[in-house]
Amino acid sequence: MTSIRARLFLILIVTTGLVWLSAVAWTYFSTRAEVERVLDARLTEAARMVSSLITSQEINVAQLGARQTAIAATPHAPYDRQLSCQIWSFDGSLVGRSDGAPAGPLSDHNAGFSETRIDGQIWRVYAVENPELGARILVGDNLRIRDRLVGDVIKGLVLPASLIMPILAGLIWASVGGGLAPLNRMATALKGRSASDLSPLANNASAAEIRPVISALNDLFTRVADARERERNFTAFAAHELRTPLAGLKTQAQVALASNDSTIRDKALTHIVLGVDQTSRLVRQLLDVAEIEAREPDPAAEISPGEALSTIADDLLAHQKPGSRIVIDHRLFEVRLSIQSELFMLAARNLLENALAYSPIGGIVRCGLVMNRAQTCISIDDEGPGIPADELSRVSERFFRGRHKTAVGSGLGLSIAELALGRADASLRLVNKPEGGLRAEIVIGSDRVRKMGDAQSSN
């Protein structure tokens, strides 16, 4: 069943029916028990009353015996004369009986309650003996009368219920429809929207059960809007940044084709190679930015920062300035970081690439480790000109290039590093060194850093 309204209606109808049937069953058994208790008490009182009347001679047993055969049964209404009475002598002769009482004995018990089948019908009988007059009084009623009493009570419940249930079903159907009306209104509001309308739905006047759904939809709208904004930014950034290098490549290619001077042609081809490298790096960085912004955070894993930096260094030095070096502190190989490895590698690569780009030919980039109780810093120091103090707060902005920009830079390296570290629950800190050059620090909480020596001692 796919309809929520039909499912709720069925649940409520079945539940209501079960409750009603349970009430009828409880009423039946409780009424039957009460009827039996009351009627048994009436049998007892009637039998004792007849016995006391015989004792006080208000009923003459001799006269009853003389008239017994003359008493005839007369028809009676369903609940008239429910009680039947017999008076038997101790010698087994019937002294008298009430109108409607059977001719045979109602019970063969001398005293107390008993049930007897007479002519296919069961009688409930109470017997009491009167030793003074040598008589036994039997008072009984037909259980069919009791069943009819209880049946009439149950019928009084079932018949109205059978008439009310269709009305109740209609009310339940209408009530369920009214309860689901906020869902229908929300569906109508969403159906009438254009694909570009990602504004949040109003949530204040909604039912409490609908508010979580609307909140989830609004969160989804926000994420979709952010994703669209990132796509628009990426397209705008790519179009803006690729226009200049592509135009330069075309110009240099035209120079190389038009010139017969080998020196000019070689110089133009060299510029083309540099332009391709710059464009390739820009495209890679743009793709990195888009990937970081779009991806969900990966689970953290333990990595060796020394091994990660060494792998990145080997790759970068194969394509960087000749004579440049990257020195990695041995302590970086003795610790393990709990961090998303891909994000750490991406941030470290851009920081090392940036440090090599700004260091002079033959310069040294040093990677160090500083630890304290609160935080751990992985530092990357270059020998470049540093960043002017007034530009430190802006260098992580996308495409911002300060006064000391390089020929191959695009203004994305530091912003990528900051974005990746932010997604990895770490941070980037930039500091100018007193002796010159820039120090870029990857800052992470010390609770996510484990020393290899500590691990060995614990084993």
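The values are calculated or read from the model by the stated rules, or taken from the named source; none is laboratory data. Only a predicted model underlies this, so the values are computations on that prediction, with no experimental measurement involved. As a convention, Cβ positions derive from the backbone with ideal geometry for all residues, glycine included, and neighbour counts pool all protein chains shown.
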Only one of (1) closer than 26 Å to residue 8 by Cβ; (2) modelled with pLDDT of 80 or more does not apply to residue 198, and that is (1)
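With the structure loaded, tell me whether residue 108 is out of contact with any strand residue (DSSP E or B) (no Cβ under 8 Å at 6 or more places or on another chain), surrounded by fewer than 18 Cβ atoms within 10 Å (Cβ to Cβ) and charged (D, E, K, R) or whether it fails that test. Steps first, please.
On the way: out of contact with any strand residue (DSSP E or B) (no Cβ under 8 Å at 6 or more places or on another chain): no; surrounded by fewer than 18 Cβ atoms within 10 Å (Cβ to Cβ): yes; charged (D, E, K, R): yes.
Considered against the rule, which asks whether it is out of contact with any strand residue (DSSP E or B) (no Cβ under 8 Å at 6 or more places or on another chain), surrounded by fewer than 18 Cβ atoms within 10 Å (Cβ to Cβ) and charged (D, E, K, R), residue 108 comes out as no.
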Scan the stretch 319-340 and tell me whether some residue there is modelled with pLDDT under 90, part of a helix (DSSP H, G or I) and in the same structural domain as residue 363 (by TED's automatic domain parsing). no
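If you check residue 80 against the conditions, is it within 22 Å of residue 105 (Cβ to Cβ) and either charged (D, E, K, R) or modelled with pLDDT of 75 or more (or both)? Explain how you work it out, then say what you get.
Numbers: within 22 Å of residue 105 (Cβ to Cβ): no; either charged (D, E, K, R) or modelled with pLDDT of 75 or more (or both): yes.
The answer is no for residue 80.
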Counting only residues that are aliphatic (A, V, I, L, M) and in a strand (DSSP E or B), the stretch 99-150 contains a total of 9
The one condition residue 247 fails out of (1) hydrophobic (A, V, I, L, M, F, W, C); (2) at pLDDT 80 or above; (3) exposed (fewer than 13 other Cβ atoms within 10 Å of the Cβ) is (2)
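Residue-by-condition table, conditions (1) in the same structural domain as residue 449 (by TED's automatic domain parsing); (2) at pLDDT 85 or above; (3) in contact with a Ser or Thr (Cβ under 9 Å, 6 or more places away or on another chain):
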{"residue": "312", "(1), (2), (3)": "yes, yes, no"}
{"residue": "342", "(1), (2), (3)": "yes, no, no"}
{"residue": "352", "(1), (2), (3)": "yes, yes, no"}
{"residue": "358", "(1), (2), (3)": "yes, no, yes"}
{"residue": "375", "(1), (2), (3)": "yes, yes, yes"}
{"residue": "383", "(1), (2), (3)": "yes, yes, yes"}
Checked 207, 189, 161 against criteria (at negative phi and either part of a loop (DSSP other than H, G, I, E, B) or under 23 Å from the mean Cα position of the chain (by Cα) (or both)); the one match is 207
Screening 140, 151, 179, 170 for residues that are outside the structural domain of residue 123 (by TED's automatic domain parsing), modelled with pLDDT of 80 or more and out of contact with any Gly (no Cβ under 9 Å at 6 or more places or on another chain) leaves only 170
